[in-house]
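The values are calculated or read from the model by the stated rules, or taken from the named source; none is laboratory data. Just so it is clear, the structure is predicted and the values come from calculations on it, not from any experiment. As a convention, Cβ positions derive from the backbone with ideal geometry for all residues, glycine included, and neighbour counts pool all protein chains shown. For the accessible areas, the whole protein counts, side chains as well, though only heavy atoms, and no ligand, DNA or RNA atoms are used. Shrake-Rupley method; radii C 1.70, N 1.55, O 1.52, S 1.80 Å.
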Amino acid sequence: MILMVEDDADIRATTAELMRVLGHHVIEAESAEQGMDILRTSAIDVLVTDVGLPGTSGDVFAAEARSLLPSLRIIFATGLDHIRDPGAEANSPFLLRKPFTLESIEAALTAASRPAC
């Protein structure tokens, strides 16, 4: 199951729908706070989060989420150019750059599905 956290309703809905087209089950949240509530009550395997969330930023939220669920796979979704791709470090977050395409979403989800080294 995928948790998609994005404050922009249009981006969130469109991206979640593309993930569903790819055959994934997706739960949507508009904030880190709402996302944490979902993580506490649902079996989430992959977190896709915007980096620039209002309130708690996506990177801080991801760290909190990983503390709660150490095996959680994380994809940072961002349009910010200064965010560095963490690469292939074990259990590191993946990077999905905006604007998304079906192919880029599929590639990020496939990479996140691979077992950690």
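Across region 16-41, the number of residues qualifying as under 21 Å from residue 66 (Cβ atoms), open to solvent by less than 50 Å² (accessible area, probe 1.4 Å) and not in a loop (DSSP other than H, G, I, E, B) comes to 9.
Determine the pairs where a residue that is within 19 Å of residue 72 (Cα to Cα), located within region 1-21, has a partner that is modelled with pLDDT of 95 or more and open to solvent by 80 Å² or more (accessible area, probe 1.4 Å) with Cβ atoms under 6 Å apart, the partner being 6 or more residues away or on another chain. As it stands, the answer is 1/25, since those pairs meet every condition given. Do we have residue 59 as in a helix (DSSP H, G or I), farther than 17 Å from residue 107 by Cα and open to solvent by 50 Å² or more (accessible area, probe 1.4 Å) here? Yes.
Figure legend. Inter-residue proximity from region 90-102: first residues assigned to a strand (DSSP E or B), second residues of a type in the set (Lys, Arg) and at pLDDT 85 or above, beta-carbon distance below 8 Å, spacing 6+ or different chains. Indicated pairs: 94/73.
Whether any residue in region 78-93 is at pLDDT below 90, loosely packed, with under 10 Cβ neighbours inside 10 Å and hydrophobic (A, V, I, L, M, F, W, C) is what I want to check.
Looking only at region 78-93, we keep the residues that are at pLDDT below 90, and these are 78-93.
Filter once more, keeping what is loosely packed, with under 10 Cβ neighbours inside 10 Å: 81-82, 84, 87, 89-90.
Now drop any that are not hydrophobic (A, V, I, L, M, F, W, C), which leaves 90.
Yes - at least one qualifying residue is present in region 78-93.
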